[in-house]
Amino acid sequence: MKKLVLVALSIITFTAFGQKKTKTAEKDLNTWVDLTAGSWDAPGANAEFTNHDGRPAMKVLPKPGQVILKNTTFSNGTIEFDYIPTDQRFASFYFRYKDSKETELFYFRTHRSGDTTGIEAVQYTPNIDGVNLWDLLPHYQGKANFQNKTWNHVKLIASGYQLRVFVNDMQRPTMEVPRMEGNVMEGTLAFEGEGIVSNLVIKPGQTEGLPAYEGTDPVANDPRYLRKWQVSEPAVLPKNVDFSTDFAPKAETMWGTIWAERRGMINLTRKFGMSKERRIVWMKVDINSKTDQRKKIAMGFSDDIWVFLNGRYLYVDKNTFGAPIMKEPAGRCSIENSSFIIPLKAGKNELMVALANDFYGWAIIARLEDMDGISIE
């Protein structure tokens, strides 16, 4: 019997400092994480290790930076903890945390505590090259019944590409993510934002039947999306310059191909990474039309666009978060952002877009109203 237990434990690839409850064979596979200073990296002294309500607890302080679990590698399985998210804005939990640049993230918008109807009460997003992509993924948010002065129970199941999250109600998921968008598949855990953590347990490999393959893309079979573009290299815009045709492509401009990800989104952040300066790229696609005709196009973008048809201005717009000009939903990139008419001529038409960005994620989505009488090169 002892040999069987040793064999079972030897195949577990998860390591962590922690206390293990061993009342049953199933609990032998669970890692109860120590909430003591030796198990956590808290730069800037942004955590205290104490007792709260008679239980060991970690108090994350309202200081910048993550409190990071040491000597841990988590990929697939279940993570559960009790949580009082006391922060005034965001209380964040990171998993598959490689570093602050590459990680998966689930967080509470704490001003929604006690509100069971707030659609943005909780949200999932990845960090890619240090860029939080919350503004590119408005569909990965939801309502949650939680409080910021009493304990809440949080449970996350990560399985390959998929994520399922429960908050307090362990029967009905608060959020289901069919395709996590981060670049990492394993890493440690971390917390950020003022809050109190207790009873943190990790169950490696216990995914409760959640598939590892990515779920259905709801627009995968929709031919109206412009999914293949030619794209230039980014250029930094000088300070106090919003846009100029002086930045338009030249004969010597080098073009590369970029393909849409899920929901038809061209994710420029994934391709070009972070920049602390305002940048612009140019993108183009050829549309062949059998006749002279007018087509409506819906376009989502982050942050600013200038659209040209056959070399002439067609449409200009901005999606500036926090400003009156921002688009629905709340200044985030969505196919709901805008729509306009493209007056196509018979034959080949070049649709060219300049896209500038200086705030969080960088992306564009484009969908024609129909494909009657046209084809895309």
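Every number here is computed from the coordinates shown, using simple stated rules; none is lab data. This one's a predicted model, so the numbers in the text were calculated from it and none came from an experiment. Positions of Cβ are backbone-derived with ideal geometry, glycine not excepted, and every protein chain shown enters the neighbour counts.
Working note: 222 nm ellipticity from helices only, DSSP H runs with n ≥ 4, each -39,500 (n - 2.57), summed and divided by the residues of the chain, gives -1000 deg cm²/dmol to the nearest 500.
Spin-label pair residue 259-residue 235: with each label point 7 Å from Cα along the Cα-Cβ axis, the two points sit 2.9 nm from one another. Between 295, 228, 250, the Gaussian network model of the chain with springs among Cα atoms under 10 angstrom shows the greatest mean-square fluctuation at 250.
Each of 170, 148, 58 was scored by the projection of its Cα onto the charge dipole of the chain, and the greatest displacement toward the positive side belongs to 170; charges sit on the C-beta of Lys, Arg, Asp and Glu.
Provide the convex hull volume over Cα atoms per residue for the chain, in Å³. Intermediate results must be reported in sequence, preceding the final value.
Values: hull volume 61.9 nm³, N = 377.
Once divided by residue count, the hull of the chain is 164 Å³.
Summary of packing: across the peptides 100-107, 211-218, 337-344, the per-residue average of other C-beta atoms within 10 Å ranks them, highest first, as 100-107, 337-344, 211-218. Each residue, residue 149 and residue 296, gets one label point 7 Å from its Cα in the Cβ direction; the gap between the two is 4.9 nm. Note on residue 172 and residue 284: the extension gain reaches 35.9 nm, defined as 0.36 nm multiplied by sequence separation minus the Cα-Cα distance. Name the shape class, rounded, prolate or oblate, that the alpha-carbon gyration tensor gives for region 87-201, where a ≥ b ≥ c are the square roots of its eigenvalues, rounded holds for a/c under 1.5, and otherwise prolate holds if a/b is larger than b/c and oblate otherwise. Verdict is rounded for region 87-201.
Peptide packing for 49-56, 257-264, 363-370 was compared via the average number of neighbouring C-beta atoms within 10 Å per residue; ordered from the highest value, the list is 363-370, 257-264, 49-56.
Compare the peptides 173-182, 307-316 by average per-residue count of other Cβ atoms within 10 angstrom and give them in order, highest first. Don't jump to the answer; show the numbers that get you there.
Numbers: 173-182: 19.1, 307-316: 14.1.
Final packing ranking: 173-182, 307-316.
Starting from the Cα gyration tensor of region 278-377, take the square roots of the eigenvalues, sort them a ≥ b ≥ c, and report rounded, prolate or oblate (rounded when a/c is under 1.5, otherwise prolate if a/b is larger than b/c, else oblate). Prolate shape, in that a/c is at least 1.5 and a/b is the bigger ratio. For region 293-377, a crude dipole built from +1 on the beta carbon of Lys and Arg and -1 on the beta carbon of Asp and Glu, taken about the Cα centre, is about 240 debye to the nearest 20. Cα centroid separation, region 270-321 to region 324-377: 6 Å. So which residue, out of 136, 29, 156, gets the largest mean-square fluctuation from a GNM of the chain using Cα contacts under 10 Å as springs? Fluctuation is largest for 29. Taken along its principal axes, the alpha carbon cloud of region 126-252 reaches lengths of 61, 38, 27 Å, longest axis first. Net length available on complete extension from residue 242 to residue 328 is 28.7 nm, with 0.36 nm assigned per residue and the Cα-Cα distance removed.
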